[in-house]
Every structure is written in structure tokens, then in C-alpha cells.
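Please treat every number below as a calculation from the coordinates, not as lab data. Computed from a prediction, not measured in an experiment: that's the story for all the values here. Ideal geometry is used to build each Cβ from the backbone, glycine not excepted, and the neighbour counts take in all protein chains shown.
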Amino acid sequence: ASHKLLLLAGDGIGPEVMTEVKKLIDLFNKKGLAQFSFDEGLVGGACYDAHKVSITDETMAKADAADAVIFGAVGGPKWDAVPYEVRPEAGLLRLRKDLGLYANLRPAVTYPALAEASSLKRELVEGLDIMIVRELTGGVYFGEPKTITDLGNGQKRAVDTQVYDTYEIERIARVAFELARKRRNKLTSMEKRNVMKTGVLWNEVVTQVHNREFKDVTLEHQLADSGGMQLVKNPKQFDVIVTDNLFGDLLSDIAAMLTGSLGMLASASLGEVNPKTRKRKALYEPVHGSAPDIAGKGLANPIAMIASFGMALRYSFDMGKEADMVDNAISAALARGLRTADIAAKGEATIGTTEMGDAIAEEIE
Ligand code: NAI
Ligand code: MG
């Protein structure tokens, strides 16, 4: 059967790195490894310029019907002054919200050829392969009340509210346990039950889901602050980490820096199973933004985007073998010494976006 993709390239380097994904889609189709069909749409500033909104209802309907959305990046100084509701990021936020993408998967993987270049001790990061699962649609970023009140005596009071319901913790825990099962069978849950009620419930619900459904997976609980310390001190002790929206935001950025450049980091955001397609709603995107400083110059590193497409193969299409092929092709291109500017050591020769994309495609061939 054919897999239906929606490609939303966005702004800045988004279209440049998306071009390299299209190469791989063509290659997979040509080799008969899969049958992909794709549609494209505007998002972010590009959509604002054409339609005065950052994503159209028509594109939202296509995203809803697609088996997976592949997203580039949005934003840039050109749209700094557009109204808040239609700013480029609003398009991405609407996709996440309307598709109900509650599980954000951020792998932190060290490519062997780059372990040496890491700013951290080589033995710490060599062979690192961990997955952070961050709850994305609840917690303190969305909880009500969320206010700033003038207290009238020259003082103001700001309130953010951390809220989690059982079902929200259950569903993110299930995603994390299922991932652990396909990896090294270990899950670490992080919260702060010592000072937060949401931490108490989080701990309780994750433990219940473990007891009921995932007894075969090793579960550990860590307090999020000392967990963060462990992540830097001895990251290889972890396999999958599951945590809430706020802690996940911080911990995933910390984990990212163990592995190197923004240009290398992939992500997936997953939601409920779509009754129409019987697939999990999913959006795959690089962690980086639109990189206006290098946009249009052919210098962007396409690896984060290509690795995100690899995640789509693994998590939306059950094509683990083909996903491994993509990851191995990236490793092989790096092992050949090929470097875009962002990952090159001082004085090392560099190549551009197209050359890196071509080299990865060649390795797959
Ligand atoms: P950024 O990620 O776009 O760039 C940060 C730095 O990393 C820049 O020096 C850039 O050149 C470099 N970089 C990023 N991706 C790279 C790649 N693939 N290859 C080589 N170098 C790369 O973040 P910044 O500068 O904070 O934001 C720029 C714009 O992107 C803003 O409008 C921001 O709102 C937007 N943004 C969008 C995101 C998204 O679409 N999900 C995420 C983050 C930022
Ligand atoms: Mg962040």
C-alpha cells in the first residue's frame, strides 16, 4: 500500500533541507523499498505571504488525512512584525494542537565519526543512544489559571499552573514503554514528587501502567534535578526517559548538547491512532529553526531533516530496517569525512546541503 506524506517545508533553510528528503523519497520509490506519495503545502511565513495566515484550513485537512507530516522549519526576521495569532510559529502550534501530538520524541545519538569532536569527554558520549519522551500538550505551559495580576502596591503576581490528569500520564507512559520495548528495555521516569503533587501522580500512574502492561520493561524513577545531573555525568546509563512538558523541554535540550550541532538533531511528535488511517498521527521535524543567517546559501546541514524522515520510517511505517539504512547512510557519509560547516572542525574542508544529501543517498544506493 502507498504511504501518504504531507511535506511542509516552511521558511529559511526549511525548503533547502526538504529537497534532500525528496531525493530519498524518490530513491525509496525507485528501488521499490516503499511506495510513498506526497503532497506539499505552505506553512509559516511562506503561508502568511500567500494567505495572511500561517497555515490554511485546507492544509490542516491534508495534515489530518496524511499518514505522516514531514515539517521543515518556520520563521525569520521578515515576519517579526506580523500579528501574534498569525506569526509563523502559530502554524506549527496549530498542527501540534489540532493533531493532538502529545508525545515528543527526541533522540540523542552520537555518530561515531563525530564523537571526537564533542565538547565532552569522548568516553562519555561515544556510542550514546538515548531517547527522551516529553509530554507536549499538558503541564505548566497550558494549565489554567495562567495570569499576571497587578496587586496595586507596585507589585504584580504571575501565575502558571501545572496540571496533569491520569489519562495524560497514562498515554505518554505507554508510548515510552512501547519504545523501550523496541530498544534496550529500560525506562526512566523523571518528576519531582518530593515537592510537586503532579510529580506524585506522575510517579503513581507510570508505576501502575508498568504493573498492568509492561512488567517486562525495567522501570526506574529519578527526581528530575538529579536526573539532569546524571544525564550529563553518565548519559549512557539511560535508554528511554519519560518526563513532563517543562522538564522534558530542559532535559531534551541538555541531551541534545551531548551529541553536537543543532543541524544533527531529529524529532517526532506523536498523537492518538487516527481512526481513518489506523496510524498514529505524527509529525517529524528537525529540532533546529529556519536559520535565517545561512538561508539561501546552500550551507544548511540536511542531516537533522533526513534523520527525522528516518524516524517517520521507523515510527509511522514500521520500516525499522529501512530506518536503519538511513541512519547507517548518515554514519557512513560522516565516516567518509564529509562535513557541512556546522559540524566541521577548524580547518576541515566543508561541503554544502546538496552534496551532503547526495552522499547520503549514494550510501543508501
Ligand atoms: P535556528 O535553529 O534557526 O538557528 C540557530 C543557529 O544554528 C544559527 O546559527 C543557524 O545557522 C544554526 N543552524 C540551525 N540549523 C542548522 C542546520 N541545519 N545546518 C547548519 N546550521 C544550522 O534558531 P534561531 O536562530 O533561534 O531561530 C531562527 C528562526 O527560526 C526564528 O524565526 C525562530 O522563531 C525559528 N525557529 C523555528 C523552529 C521551528 O520551526 N520548529 C524552531 C526554532 C526556531
Ligand atoms: Mg526547548
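Structure notes:
- Distant-in-sequence amide contacts of Ser290, defined by a placed amide H-H separation under 5 Å and a gap of 5 or more residues or a different chain, comprise Val74.
- Placing dummy labels 7 Å off each Cα toward the beta-carbon, the span from Leu262 to Arg174 is 3.5 nm.
- Per-residue HN-Hα couplings for the range 346-362 [Karplus 6.51, -1.76, 1.60; θ = phi - 60°; Hz; x = Gly/Pro]: 3, x, 6, 5, 10, 10, x, 4, 4, 5, 5, x, 4, 5, 5, 4, 4
- Highest-MSF residue in the chain out of Val17, Val163, Val69 [GNM, Cα springs under 10 Å]: Val163
- Calculated FRET efficiency for the pair Lys236/Lys276, C-beta based, R₀ 35 Å, to 0.05: 0.30
- The phi torsions of the range 168-179, fed into the Karplus equation with coefficients 6.51, -1.76 and 1.60 and a -60° offset, translate into couplings of 5, 6, 4, 5, 6, 4, 4, 4, 5, 5, 4, 5 Hz, rounded to whole numbers, with Gly and Pro shown as x.
- A cut-off under 12 angstrom between Cβ atoms defines the neighbours of Glu285, and their net charge, with Lys, Arg +1 and Asp, Glu -1, is +2.
- Two-site FRET efficiency, Asp216 against Lys146, from Cβ-Cβ distance with R₀ of 45 Å, rounded to 0.05: 0.65
- Rounded to the nearest Hz, the phi-derived 3J(HN,Hα) couplings of the range 50-60 under the Karplus curve 6.51 cos²θ - 1.76 cosθ + 1.60 (θ = phi - 60°) are 8, 10, 6, 9, 8, 7, 8, 4, 4, 5, 4, where x marks glycine and proline.
- Where the Cα pairs of the range 234-365 fall when distances are cut into 10 Å bins, in %: 11, 36, 36, 16, 1, 0
- Kirkwood hydrodynamic radius over Cα pairs of the range 145-294, then Stokes diffusion coefficient at 4 °C and 1.567 mPa s, in µm²/s: 74 µm²/s
- With a Förster radius of 51 Å applied to the beta-carbon distance between Ser2 and Val195, the computed FRET efficiency rounds to 0.50.
- Whole-angstrom Cα spans of the chain along principal axes, big to small: 57, 49, 47
- Proximity of backbone amide H atoms, modeled 1.01 Å from N, is registered between His3 and Gln35, Phe36, Ser37 at under 5 Å, excluding neighbours fewer than 5 places apart on the same chain.
- Quotient of C-alpha Rg and 2.2 N^0.38 Å, computed over the range 69-153: 1.62
- Between His288, His210, His51, the GNM of the chain built on Cα springs shorter than 10 angstrom shows His51 fluctuating the most.
- Counting beta carbons within 10 Å around each of Arg193, Arg106, Arg134, Arg157 and listing the fewest first gives the order Arg157, Arg193, Arg106, Arg134.
- Residue of Lys31, Lys62, Lys52 that the Gaussian network model of the chain assigns the largest fluctuation, springs spanning Cα pairs under 10 Å: Lys31
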